[in-house]
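One structure is given here, and the rest of the page talks about it.
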Amino acid sequence: MLSDRDSVVRVRWRYLPRLTPWLISFLLAGRPGRVNAIADALLPLVSGAYNAHRELGALSGADNVLRPVGWLKVYETAASFAGTQYDRELMAARGLRFDELGPDEIHQLEPSLARRYAKGLFQPDSAFIASPHQLTQAFAVQFQRLGGNFAEERVRGLQPTNDGVRLDCELGFRNFDAVVIAAGAWSKELARQVGDRVMLDTERGYHLNIEPGEAGDLRRPVLFADRGFVLAPMLDGIRLTSGVELASVNAPPDFSPIRRLLPAAREALPGLSDRVTREWIGYRPSTPDSLPVIGQSPRNPAVYYAFGHQHLGLTLGPITGRLIAAAIAGRQPEFDLGPYRADRF
């Protein structure tokens, strides 16, 4: 995979020396027994994610962008579908629902797709966000209605105090009873200043927003497994996303691999325009064991962590917030937070 310029996994080779400890830990986390333990630890988070979103969506009036339409994966051959057996066994063992589909059933779910897919995997209990921007704006407005305040300021460091934490900000010092570090890919350095060494790196993800053109309606996100990309129907167009790039947050973006997927996307969704209206890169904060870091710092009881959610950041945001709020308030967590502790690495 690493030698293929169009692989769904790419590495910036200059970054490899810094990345090597993370990669070794990642490989060790791929042993069967460890995979099962990780899947068990993820289960309470992902199974509670939808209800947590619904709760916040109802409070903030953002219900219209949360769409419970399921998650579809399609395969061009029976052989490529057979390669998902391990994935299906992991899901079935944990009671996660999925349906195996044939060509006609795929067409019924998504009639606008090309008639070239032999098998499908449909997860009916999944939902998606048609506009992450609208959702987070609605959450922010509701936060302010409840008395919250926003202060956008660069944080240069933080130090423990006798009664909390002091942030060194560009406009001066700020003292807090408690601080939550939820800075995504940039959380590692802040945790280091607290005294916690977490193993965190970045899976960079590329996205294109495409005008629908003459394509018919796409009803839900679809993974085209053989080609390694996803098409999703957003409020402002069709989103194309694919794979990961392992590189520094400071490395310049390279959009050429995802742009080479445009012809394949137009084959998958006939009539799709070739006009790209927006392109951007996201920095997924990733731990080598695929589990986030959630909970109280073992070094400073006034510091709480909420980062490392990888590809599930938007998915797990509301339930993570609920867990952190309970921890700060001294309430018993909904489930054991031990698997997500900061000192597990």
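Consider the range 143-167. How many of its residues are in a loop (DSSP other than H, G, I, E, B) and closer than 30 Å to Glu55 by Cα?
Pass one, the range 143-167, residues in a loop (DSSP other than H, G, I, E, B): 146-154, 162-163.
With the extra rule that they be closer than 30 Å to Glu55 by Cα, the set shrinks to 146-153.
Within the range 143-167, residues that are in a loop (DSSP other than H, G, I, E, B) and closer than 30 Å to Glu55 by Cα number 8.
Looking at this structure, is Ser112 touching an Asp or Glu at 6+ places or on another chain (Cβ under 7 Å) and either part of a strand (DSSP E or B) or among the hydroxyl-bearing types (Ser, Thr, Tyr) (or both)?
yes
Give me the residue from the range 1-34 that is more than 22 Å from the chain's Cα centre (by Cα) and among the charged types (D, E, K, R) and, out of that set, modelled with the lowest pLDDT.
The residue in question is Arg5.
Condition check ((1) under 18 Å from Ser126 (Cα atoms); (2) without any contact (Cβ under 8 Å) to a residue 24 or more places away in the chain) across all residues:
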site	(1), (2)
Tyr50	yes, no
His53	yes, no
Gly70	yes, no
Val74	yes, no
Ser80	no, no
Phe98	yes, no
Pro103	no, yes
Ile106	yes, no
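When Ser47 is evaluated against the numbered criteria (1) surrounded by 13 or more Cβ atoms within 10 Å (Cβ to Cβ); (2) in contact with a helix residue (DSSP H, G or I) (Cβ under 9 Å, 6 or more places away or on another chain); (3) of a type outside the set (D, E, K, R), which criterion, by number, is the only one it fails?
Going through the list (1) surrounded by 13 or more Cβ atoms within 10 Å (Cβ to Cβ); (2) in contact with a helix residue (DSSP H, G or I) (Cβ under 9 Å, 6 or more places away or on another chain); (3) of a type outside the set (D, E, K, R), Ser47 breaks only (2).
For the range 166-183, which positions are within 23 Å of the chain's Cα centre (by Cα) and surrounded by fewer than 17 Cβ atoms within 10 Å (Cβ to Cβ)?
Within the range 166-183, Ala183 is the sole residue that qualifies.
Yes or no, residue by residue, for (1) of a type in the set (Val, Ile, Thr); (2) part of a helix (DSSP H, G or I):
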{"residue": "Arg5", "(1), (2)": "no, no"}
{"residue": "Phe26", "(1), (2)": "no, yes"}
{"residue": "Leu45", "(1), (2)": "no, yes"}
{"residue": "Asn51", "(1), (2)": "no, yes"}
{"residue": "Leu56", "(1), (2)": "no, yes"}
{"residue": "Val74", "(1), (2)": "yes, no"}
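For the range 226-259, give me each residue that is of a type in the set (Gly, Ala, Ser), surrounded by fewer than 21 Cβ atoms within 10 Å (Cβ to Cβ) and in contact (Cβ under 8 Å) with a residue 40 or more places away in the chain.
Initially, the range 226-259 is screened for residues of a type in the set (Gly, Ala, Ser), giving 228, 232, 237, 242-243, 247-248, 251, 256.
Then drop every residue that is not surrounded by fewer than 21 Cβ atoms within 10 Å (Cβ to Cβ), which leaves 228, 232, 237, 243, 248, 251, 256.
Answer for the range 226-259, where residues must be of a type in the set (Gly, Ala, Ser), surrounded by fewer than 21 Cβ atoms within 10 Å (Cβ to Cβ) and in contact (Cβ under 8 Å) with a residue 40 or more places away in the chain: Gly228, Ala232, Gly237, Gly243, Ser248, Ala251.
One line per residue, one yes/no per condition, for (1) at pLDDT 95 or above; (2) assigned by TED's automatic domain parsing to the domain that holds Val11:
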residue: Leu218; (1), (2): yes, yes
residue: Pro221; (1), (2): yes, yes
residue: Ile238; (1), (2): yes, yes
residue: Ala264; (1), (2): yes, yes
residue: Gly271; (1), (2): yes, yes
residue: Asp274; (1), (2): no, yes
residue: Ile294; (1), (2): yes, no
residue: Tyr305; (1), (2): yes, no
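What's the total number of residues in the range 115-142 that are in a loop (DSSP other than H, G, I, E, B), touching a Gly at 6+ places or on another chain (Cβ under 7 Å) and of a type in the set (S, T, N, Q)? Break it down into steps so the answer makes sense when it comes.
To start, the set of residues in the range 115-142 that are in a loop (DSSP other than H, G, I, E, B) comprises 115-118, 124-127, 130-131.
Keeping just the survivors that are touching a Gly at 6+ places or on another chain (Cβ under 7 Å) gives 124, 126.
Okay, now just the ones that are also of a type in the set (S, T, N, Q), so 126.
Matching residues across the range 115-142 total 1.
Quick check, is Arg284 touching a residue at least 12 places away in the same chain (Cβ under 8 Å), among the basic types (Lys, Arg), within 30 Å of Gly70 (Cβ to Cβ) and not in a helix (DSSP H, G or I)?
On the way: touching a residue at least 12 places away in the same chain (Cβ under 8 Å): yes; among the basic types (Lys, Arg): yes; within 30 Å of Gly70 (Cβ to Cβ): yes; not in a helix (DSSP H, G or I): yes.
In short, yes.
The values are calculated or read from the model by the stated rules, or taken from the named source; none is laboratory data. None of the values given here were measured: they were computed from a predicted structure. Cβ coordinates were reconstructed from backbone atoms using ideal geometry, including for glycine residues, and neighbour counts include every protein chain displayed.
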